[in-house]
Protein chains: 2
Amino acid sequence: MNIVSEGVFVAPASSANVGPGYDVFAIALEKPTLKLEVVVKEGEGVAVEVVGRYRNEVPEDPLLNSAAKAASHLLKTRNIKKEVRLTVEASIPPRKGLGASGAEAAAAVFALNRLLGLGFSADELVVAAAAAEPGGHLDNVSASIFGGFVICLRDELGSKIISVSPPPDLGLIVVVPDIVKESTASARKALPPMVDMSAHVQVASRVGAAAAAVCKGDVRLLLRSVVIDPLVECLRADAGVYGKGVTRESLLEEKRLLFRRFGVAEVISGAGPSRLLLFDRRENAGEFGRRKVDEALAEVIHRLEKTGAKILETIETNPSPHGVRQIG
Amino acid sequence: MNIVSEGVFVAPASSANVGPGYDVFAIALEKPTLKLEVVVKEGEGVAVEVVGRYRNEVPEDPLLNSAAKAASHLLKTRNIKKEVRLTVEASIPPRKGLGASGAEAAAAVFALNRLLGLGFSADELVVAAAAAEPGGHLDNVSASIFGGFVICLRDELGSKIISVSPPPDLGLIVVVPDIVKESTASARKALPPMVDMSAHVQVASRVGAAAAAVCKGDVRLLLRSVVIDPLVECLRADAGVYGKGVTRESLLEEKRLLFRRFGVAEVISGAGPSRLLLFDRRENAGEFGRRKVDEALAEVIHRLEKTGAKILETIETNPSPHGVRQIG
């Protein structure tokens, strides 16, 4: 069957924005992950098969599938003629703000770069993978490629991804409700062209503080910096992007309560609807601390259920220190 | 004369904003500095004498002088009745965007806290000193109190200053033109209530990257992150705040040229008109590198003179690792 090369790869899911860092921050998650098997043959064309828990929600059409789109884009930019067969094991809940499509795209470009020896840098892989993302946004693919906590700088020289090892004491829980969002693209359209100057300054101050907190390993400062986003999260709540019954007011009230009572920072993961809970493992060690996190989680679930949502998954996870890896 | 306590203090000048970090970033400067002599007596009232190079430009009226305003505010918040005599040696060019008034206020509150044993934390001193600043902005006073590179987080819990040691290879030059700006307060009024979303995202991305760059000691990334500010600097140039002949277009063109040709990042210091040139001392070591910085400086001076401005001072300096200190 003239196989040129093959391999099995695993990419971490990711949570973009992390509060105020819209289009700037993302964090790679140890769980869930996505597995991608890649076979390269002589020939032409990209084909996809999707297996696994969420197989019915991930398209196999190569014009719609993110792994295939990213792979085709990469081959085209280098004018490479090969047949590529992708098998996606869909274990990241799709369209829930956990970077499922970004992880597919990241795994695909990482795999082809490795298998065909294309010599792309990690920054170039991010750009190639982002070509398959709505709005070409870099945050999820950057986290899935680099791992860790990423800061995306977009400037006149192109893009530069800064990956920082997240503080080892940063604990994470992902809550996935069954709320159906239209699409990330439509969530992006919910944002107005002009924003409030004072909200802008507050966001910039929180982003600067959060970046420093991650670099210094200061979990307490990180939680305080990211817990409120006065801009994009509020605008999207206003626009109903996070589901019925989630308003700007209810979201802020919930966040403040969780932070004050339990020391837990709740943010919307990407464009939602999943929630990411961040907490300090040191402060929440032992039975008492653990109970605080459990109570915070119960509160979040209770409030989501009150709006009529069901909880699909609750994932206790950690920041993933690494991005896509080859495992076979 | 019933002197209760006395001392001599030195506060560093500072450069706020550092490109995109409007109301968020500031950097303390090793030079110029401001000297403040403080005598506390039994009695009441705050009196100021101003000496030194810029004595004619700094008010001695305690209702207008920043050191006196900050001192009065501090005494009032603690309901302390003392007579305070301040002698300001004005060596920081006033109203040139170098935090002269912030350094005065910082020195005054630091001195009284020390001399009267008031037990204010550094964060509390920042708030007290900022009460004397237009718009209560924290950036300059934070840098003068903490030293180093500061990131100001303003959130629902109050304010939190993060001070980071700047990279030791970060070189700084301040260029002070004789352009007269109305006031920092009017420069703040030049900003519109709503700003462009895409500029907002670019600023947030640059602020996040710059904060990480400072924490990681990555001068090259810092320069790249701060060199362009698409928001406040451009809006103020549009509003004529930086003087005749300095437009958004001319400023951006000048910045791009300096960065590309000489590797120097030029930013407006605070609300201007001074310019802060940032460069990498490692890349600019030796005769050739030194010549590049000199050429960049000559270019900046040449362009300022072409708009009709004269250069009052050119100060080769460094980040100041420390804030206000008592020297006598």
By residue number, the members of the stretch A:124-170 that are in contact with a Gly (Cβ under 7 Å, 6 or more places away or on another chain), among the acidic types (Asp, Glu) and open to solvent by less than 10 Å² (accessible area, probe 1.4 Å) are none
Per the filter on the stretch B:53-108, residues surrounded by fewer than 24 Cβ atoms within 10 Å (Cβ to Cβ), touching a Gly at 6+ places or on another chain (Cβ under 8 Å) and either under 25 Å from B:Leu277 (Cβ atoms) or among the hydrophobic types (A, V, I, L, M, F, W, C) (or both) are B:Ala90, B:Ser91
In the set B:Ala143, B:Ala122, the lone residue that is at pLDDT below 95 and over 23 Å from A:Val150 (Cβ atoms) is B:Ala122
- Evaluate the following for B:Pro20: is it over 12 Å from the mean Cα position of the chain (by Cα), assigned by TED's automatic domain parsing to the domain that holds B:Gly102, under 30 Å from B:Ala212 (Cβ atoms) and buried (at least 24 other Cβ atoms within 10 Å of the Cβ)? yes
Among residues of the stretch B:198-221 being of a type in the set (Lys, Arg) and facing chain A (nearest Cβ under 7 Å), the residue nearest to A:Asp139 (Cα to Cα) is B:Arg206
The number of residues in the stretch B:134-151 that are touching a residue at least 24 places away in the same chain (Cβ under 8 Å) and in a helix (DSSP H, G or I) is 10
**Asked** Can you find even one residue in the stretch B:198-216 that is open to solvent by 10 Å² or more (accessible area, probe 1.4 Å) and among the basic types (Lys, Arg)?
**Response** yes
For the stretch A:159-183, pairs from a residue that is within 14 Å of another protein chain (Cβ to nearest Cβ) and in a strand (DSSP E or B) to a residue that is of a type in the set (Phe, Trp, Tyr) and crowded, with 22+ Cβ neighbours inside 10 Å, with Cβ under 7 Å and 6 or more apart or across chains, are A:Ile161/A:Phe146; A:Ser163/A:Phe146; A:Val164/A:Phe149
Among residues of the stretch B:187-197 being in contact (Cβ under 8 Å) with a residue 40 or more places away in the chain and under 21 Å from the mean Cα position of the chain (by Cα), the residue least open to solvent (accessible area, probe 1.4 Å) is B:Ala187
Expected single match for at positive phi, in contact with a strand residue (DSSP E or B) (Cβ under 8 Å, 6 or more places away or on another chain) and outside the structural domain of B:Phe25 (by TED's automatic domain parsing) among B:Gly272, B:Gly243 is B:Gly243
Pairs returned, first residue in the stretch A:302-313 that is touching a residue at least 40 places away in the same chain (Cβ under 8 Å), second residue that is among the acidic types (Asp, Glu), beta-carbon separation under 9 angstrom, 6 or more apart or interchain, are A:Arg303/A:Glu254; A:Ala309/A:Asp178; A:Lys310/A:Asp178; A:Ile311/A:Asp178; A:Ile311/A:Glu305; A:Leu312/A:Asp178
When the stretch A:275-303 is checked residue by residue, the ones that are crowded, with 24+ Cβ neighbours inside 10 Å and out of contact with any helix residue (DSSP H, G or I) (no Cβ under 9 Å at 6 or more places or on another chain) are A:Leu276
A:Asp229 passes all but one of the listed conditions (1) of a type outside the set (Val, Ile, Thr); (2) outside any helix (DSSP H, G or I); (3) open to solvent by 20 Å² or more (accessible area, probe 1.4 Å); the exception is number (3)
By my count, strands (runs of 3 or more DSSP E) wholly in the stretch B:261-328 with at least 3 residues that are touching a Pro at 6+ places or on another chain (Cβ under 8 Å) are B:311-317
Taking the stretch B:222-250 and the residues there that are away from chain A (no Cβ under 14 Å) and within 20 Å of the chain's Cα centre (by Cα), the one that is modelled with the lowest pLDDT would be B:Gly243
B:Tyr54 vs. criteria under 29 Å from B:Cys234 (Cβ atoms) and either touching a residue at least 40 places away in the same chain (Cβ under 8 Å) or over 17 Å from the mean Cα position of the chain (by Cα) (or both): no
Considering residues that are without any contact (Cβ under 8 Å) to a residue 12 or more places away in the chain and either polar (S, T, N, Q) or out of contact with any strand residue (DSSP E or B) (no Cβ under 8 Å at 6 or more places or on another chain) (or both), the number found within the stretch A:202-214 is 2
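The values are calculated or read from the model by the stated rules, or taken from the named source; none is laboratory data. On a predicted model such as this, the values are computed, not experimentally measured, just so you know. All Cβ positions, even for glycine, are placed from backbone atoms using ideal geometry, and neighbour counts span all protein chains on display. Please note that ligands, DNA and RNA were not included when accessible areas were found on the heavy atoms of the full protein model with its side chains. Shrake-Rupley method; radii C 1.70, N 1.55, O 1.52, S 1.80 Å.
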